[in-house]
Amino acid sequence: MRASRRSEAALSPSEARILAHLASRRRSCRAFLGEPLPDATIERLFETARHTASWCNTQPWRIVVTRGAGTERFRAAMQAAARAQPPASDFPFPAGYRGVHLERRREAGLQLYDAVGVRRGDRDASAAQALRNFDFFGAPHVLVVTVPAELGPYALVDAGGWVANFLLAAEAHGVAAIAQAALARHAAAIRAHFGLPADQQVVCGISFGHADADDPANGYRTSRVPVDATLQWSRD
């Protein structure tokens, strides 16, 4: 029997290296310059991310994106919500962290605090740093990802794929970005601000723009565990 031909040509070695390079270089930016991005650049990021795979091709993600005065109004609304409203997300946050997950979370937090000068046990300073999430770290743009409630947890999986592809597209175009679950802790305020229907559940936000390379918040990199720490081969 003749072997079937591959339906798609493989990437060249150089193209595959580019993808690996983008994935390894990507980082969460926590200090932005205020300069807005051209609309054409933002549209290219969305054009790339729209090709994300999804369950039954439902493409459940819906995106609201801000610019200019719209970003400033949303920034003010989220700062007010963070200061005055108790957190209430559409999806449960982790009840706690244990074992290696606690270790990784703690390591990342300590790296950030060391970089920005927050001393261990300084609750006021750590709270002020947490509020930077709702200032979008000074970014000129922020987007909010939502999914329809009726599609259930697999819509969240699909939305996660969209977020990953958007972040890689941003890296490819020299755009800094950070995915922010913190914004989802005030889902009702987000729906009210943008006039979203009640059945659109807030997954996360992504702040993006040009990185402030001189800010110490961008002066460190989080670690990644080796592949064999998360991979299990089945028996032959």
_Would you confirm, using the coordinates I've provided, whether residue 43 is open to solvent by 100 Å² or more (accessible area, probe 1.4 Å), over 17 Å from residue 133 (Cα atoms) and outside any loop (DSSP other than H, G, I, E, B)?_
yes
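What are the residues in the range 102-136 that are in contact (Cβ under 8 Å) with a residue 60 or more places away in the chain, among the small types (Gly, Ala, Ser) and under 19 Å from residue 223 (Cβ atoms), if any? Break it down into steps so the answer makes sense when it comes.
Looking only at the range 102-136, we keep the residues that are in contact (Cβ under 8 Å) with a residue 60 or more places away in the chain, and these are 104, 107-108, 111-112, 114-117, 132, 135-136.
Right, trim to among the small types (Gly, Ala, Ser) and you get 108, 115, 117.
Listed by number, the residues that qualify are 108, 115.
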*Taking the range 195-236 on its own, how many of its residues are under 21 Å from residue 81 (Cβ atoms) and open to solvent by 60 Å² or more (accessible area, probe 1.4 Å)?*
4
*May I ask you to say which residue of 184, 179, 192 is among the small types (Gly, Ala, Ser), within 20 Å of residue 85 (Cβ to Cβ) and either open to solvent by 50 Å² or more (accessible area, probe 1.4 Å) or not in a helix (DSSP H, G or I) (or both)?*
192
*Residue check, residue 79 open to solvent by 30 Å² or more (accessible area, probe 1.4 Å), in contact with a helix residue (DSSP H, G or I) (Cβ under 6 Å, 6 or more places away or on another chain), on the phi < 0 side of the Ramachandran plot and not aromatic (Phe, Trp, Tyr)*: yes
*Test set (1) under 20 Å from residue 220 (Cβ atoms); (2) of a type in the set (Phe, Trp, Tyr); (3) touching a residue at least 24 places away in the same chain (Cβ under 8 Å); (4) open to solvent by 20 Å² or more (accessible area, probe 1.4 Å) - residue 154 fails condition number*: (1)
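Within the range 46-59, take every residue that is of a type outside the set (Asp, Glu) and not in a loop (DSSP other than H, G, I, E, B) and give me the one that is least open to solvent (accessible area, probe 1.4 Å).
Ranking the candidates gives 49 first.
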*Can you confirm whether the range 65-73 contains a residue that is under 28 Å from residue 161 (Cβ atoms), part of a loop (DSSP other than H, G, I, E, B) and at pLDDT 95 or above?*
yes
*For residue 85, work out the one condition from (1) in contact (Cβ under 8 Å) with a residue 12 or more places away in the chain; (2) within 27 Å of residue 171 (Cβ to Cβ) it doesn't fulfil.*
(2)
_Test: residue in the range 1-22 that is more than 22 Å from residue 193 (Cα to Cα), among the polar types (S, T, N, Q) and at pLDDT 95 or above_ = no
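From the list 98, 26, 67, 62, exactly one residue is open to solvent by less than 80 Å² (accessible area, probe 1.4 Å) and basic (Lys, Arg). Which is it?
Details: 98 fails: open to solvent by less than 80 Å² (accessible area, probe 1.4 Å); 67 fails: open to solvent by less than 80 Å² (accessible area, probe 1.4 Å); 62 fails: open to solvent by less than 80 Å² (accessible area, probe 1.4 Å).
Only one candidate passes the filter, namely 26.
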*asked:* What are the pairs with Cβ atoms under 8 angstrom where one residue, in the range 44-69, is over 18 Å from residue 139 (Cα atoms) and the other, located anywhere, is among the basic types (Lys, Arg)? Sequence gap at least six, or different chains.
replied: 59/50
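The values are calculated or read from the model by the stated rules, or taken from the named source; none is laboratory data. None of these values were measured; they are calculated from a predicted model. So basically every Cβ, Gly included, is an ideal-geometry build from the backbone, and we count neighbours across all protein chains shown. For accessibility, only protein heavy atoms count, side chains too; no ligands or nucleic acids. Shrake-Rupley method; radii C 1.70, N 1.55, O 1.52, S 1.80 Å.
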